[in-house]
1. Measuring from label point to label point, each 7 Å out along Cα→Cβ, what is the B:Glu68 to A:Arg27 span in nm?
2. Please arrange B:Lys55, B:Lys12 by how many other C-beta atoms lie within 10 Å of their C-beta, fewest to most.
3. Tell me, B:Leu98, B:Leu85 in order of fewest to most beta-carbon neighbours within 10 Å?
4. Would you kindly derive the ³J(HN,Hα) couplings of the stretch B:44-53 from the backbone phi angles with the Karplus curve 6.51 cos²θ - 1.76 cosθ + 1.60 (θ = phi - 60°), listing them in order in whole Hz, with x for Gly and Pro?
5. How high is the relative contact order of chain B, in percent, counting Cα pairs under 8 Å that sit 6 or more residues apart?
6. How large is the Kirkwood hydrodynamic radius of the stretch B:1-87, counting all unique pairs of alpha carbons, in Å?
7. Going by average Cβ neighbours within 10 Å, how do the peptides B:33-43, B:57-67 rank, with the highest at the top?
8. Aspartates and glutamates near B:Lys24 by alpha-carbon distance under 18 Å, same-chain residues fewer than 8 away left out - which ones?
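What follows is calculated from the coordinates using simple rules that are stated; it is not laboratory data. Here the structure is a predicted model, which is why all the values come from computation and not from measurement. Virtual Cβ from ideal backbone geometry, glycine too; neighbours counted across all protein chains shown.
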Amino acid sequence: MLRLTLSFSILVSLVPNVAGAQLQEMRQTIFGMD
Amino acid sequence: MCAHTVRVALRKIEGVESADVSLKQGVATVRFKPDNRIAVDQIRDVVRSNGFTPKAAEVRIRGSVIEEKGELLLAVPGRDQVYHLGRDPNAPAAIERLRQVAGREVIIEGTAPEAAKGQARVEPIRVRSVSDVIKR
């Protein structure tokens, strides 16, 4: 029982953080349109 | 076609929180919702399809720093968005900081250079600052 609990803890610590690669803000310089 | 057209088109993209376009300043400012899946190129495609030419952009992006074969990337496992990260000549310390935080989730600020014509290779984002993500 103790062994199972320990294995579970290790697995959790290996799960990658998937909070997200996200654009938060962008200031895009634009050119054109006379 | 005018600023209004671009603004409306940008606001229609799923994941965009707000978009403002100033032709006087020559800038489109876009803010994004949390958990959006928008890529820099997607915004540039919309700008282009509305008759404007996208030049360099200032960006703030959240992601995990990965060092792979000497290259620094900003990515998240399971998603196909990967940004190449490079050195900003005006902020050389930022690239060293990136190497120190490899494997961690951070927020980077920098310049996404204008896409070179006819080149498949994506120019790296020139990173100006790196900050830790404050966990809620």
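1. A separation of 3.1 nm, rounded to one decimal place.
2. Least crowded to most crowded, the residues run B:Lys12, B:Lys55.
3. B:Leu98, B:Leu85
4. With the stated coefficients, the stretch B:44-53 comes to 5, 4, 5, 4, 5, 5, 9, x, 10, 9 Hz.
5. Computed value for chain B: 20 percent relative contact order.
6. 14.3
7. B:57-67, B:33-43
8. A:Asp34, B:Glu58
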